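What follows is one structure encoded as structure tokens, with my remarks underneath.
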């Protein structure tokens with residue numbers, strides 16, 4: 001690690017180098033040993049053409065910092081790679097979601113058109129029912145509920161029959177579900193992409 005590298009440089013110089021006076025640094029102690037070691041790491045004293053204690057501190061700092069910078073760079077690279085992978089995954093998820101939403105929008109547009117067509121047909125049938133059959137059916141209902149003698153012409157009976165038939169057709173259309181799930185042979189609904197498929 002950086003700390004170990006710095007300690008190794010410092011210890012090695014202290015053990016084997018000599019101060020600018022020629023005295024072995026190992027023979028010195030305290031501040032004198034520290035100053036001589038730092039100057040030796042810096043290439044010698046300023047008087048001897050080296051960088052002195054300041055240069056030694058800079059070099060020793062570099063020896064400590066370089067491995068840390070390398071490790072930090074590796075860690076950032078790993079983090080950036082992982083973040084890029086996550087971004088690609090998110091982009092794929094978003095693309096799939098957008099495709100599903102577009103399909104859903106197309107499906108709902110078709111459903112909306114289908115509902116409008118059914119409503120228009122029901123409105124036409126209702127208008128015919130009110131115009132031609134409602135009053136005769138209401139009159140016949142009154143006759144039946146008051147238990148009067150039923151004496152009507154064949155034309156009225158045909159009219160009432162047609163009225164009941166039209167009412168039955170309208171009821172059947174109104175009570176039929178818009179969506180009918182597609183089923184497998186075992187009776188279970190067909191599910192694709194976590195969505196129940198409908199019969200068209």
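Things worth noting here:
- Altogether, the Stokes-Einstein calculation at 37 °C and 0.692 mPa s, with the Kirkwood radius of segment 128-185 over Cα pairs as Rh, returns a diffusion coefficient of 241 µm²/s.
- The modelled label-to-label distance for the pair residue 108/residue 180, using points 7 Å beyond Cα in the direction of Cβ, is 2.5 nm.
- Label point at residue 146 placed 7 Å out along Cα→Cβ; residues across segment 112-135 whose backbone nitrogen lies under 17 Å: 135
- FRET efficiency, 1/(1 + (r/R0)^6) with R0 22 Å, evaluated for residue 158 and residue 122 via beta carbons: 0.40
- Diagonalising the gyration tensor over the Cα atoms of segment 97-200 and scaling each eigenvalue by 5 before taking the square root yields semi-axes of 44, 17, 9 Å, largest first.
Throughout, read-outs are computed from the coordinates displayed, never taken from laboratory work. Quick caveat: nothing in here was measured; it's all calculated off a predicted structure. Cβ: placed from backbone, ideal geometry, glycine included. Neighbour counts: every protein chain shown.
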